[in-house]
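A short write-up of the structure that comes next.
The values are calculated or read from the model by the stated rules, or taken from the named source; none is laboratory data. Quick caveat: nothing in here was measured; it's all calculated off a predicted structure. Glycine also receives a Cβ, built like all others from the backbone with ideal geometry; neighbour counts cover every protein chain displayed. Note: accessible area is taken over every heavy atom of the protein model, side chains too, but ligands, DNA and RNA are not part of it. Shrake-Rupley method; radii C 1.70, N 1.55, O 1.52, S 1.80 Å.
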Amino acid sequence: MKWSEFFTSSVGKKFVMAFTGLFLISFLIVHVGINACIWADLVDDSDNGEMFNKAAHFMGASYVIRIMEIGLFLGFFLHIIQGYMLEFQNRARRKKGYQVAMGSKGSAWYRKSMGLLGTLILLFLIIHIQDFWIPSRITYATTLGEVTYNNGAPIHDVYTKMLLVFSQAWVVVVYVLGCFSLAWHLLHGFQSSFRTVGVHNKKYVAMAKGAGIAFSIIVPLLFALMPISIYFGWVNNN
């Protein structure tokens, strides 16, 4: 099979989905770590978003990170396109249906709803990019203020932007629903990615499944707690 044929085949599409999925999982780890800096205020009352703003500034000022963002957007693009292509192929094959009804023995609902969950995550991602990525990367001169720490150079005050965005109840609800969709998407996608790249040993499959369950609970929960913490005033500017 030629490389061009491989990447247009069902198996090739699954490999692209798996590798881009693993890449995006690594991004989630970094992203949740950066965002968790907002809770420094719970430990140090005088923080007032300093740790988070410095972390956000590093992500925006580093040329290495900016270059990696290009790879990240390409990863999102490939993952979404291949996901929809696989979904359409699977739907076309399911039109005939099974001769014997599977009943409750079929796949879990979230495994059969990866397209829907992915679409909800895509809509959430568009809102998230509009709320934070565009203001911090493109329109910062008019949408973000500046703050100075320890007589250093002024940096963008993304922390105050978060407080403003998550003061709106409907935005918090949308973000929580997005995190809920992400959790179900990861529940199948995490272990599926490892299986696709060749992890079939029972021991390692069990480890990947356990890690996937933990990851799909902990990471989306932390993401969801961020807007909730701000909306209810657990984190704010003192």
* Base-10 log of normalised Debye intensity for segment 150-205 (one unit scatterer per alpha-carbon) at q = 0.14, 0.19, 0.21 Å⁻¹ -> -0.66, -0.77, -0.83
* Quickly rank 41-53, 60-72, 177-189 as a protection proxy: mean count of other C-beta atoms within 10 Å, highest first. => 177-189, 41-53, 60-72
* Please turn the phi angles of segment 201-212 into ³J(HN,Hα) values with the Karplus equation 6.51 cos²θ - 1.76 cosθ + 1.60 (θ = phi - 60°), one per residue in order, whole Hz, x for glycine and proline. => 4, 4, 4, 6, 5, 5, 5, 5, 5, x, 5, x
* **Contour excess over end-to-end distance, with Cα ends at residue 201 and residue 19 and 0.36 nm allotted per residue** => 63.6 nm
* Size descriptor, Kirkwood hydrodynamic radius, that averages inverse alpha-carbon separations across segment 141-238, Å -> 16.1 Å
* Asked: Quick one: with all protein chains in place, what share of the accessible area of segment 129-170 is carbon or sulfur, to the nearest percent (1.4 Å probe)?
  -> 57 percent
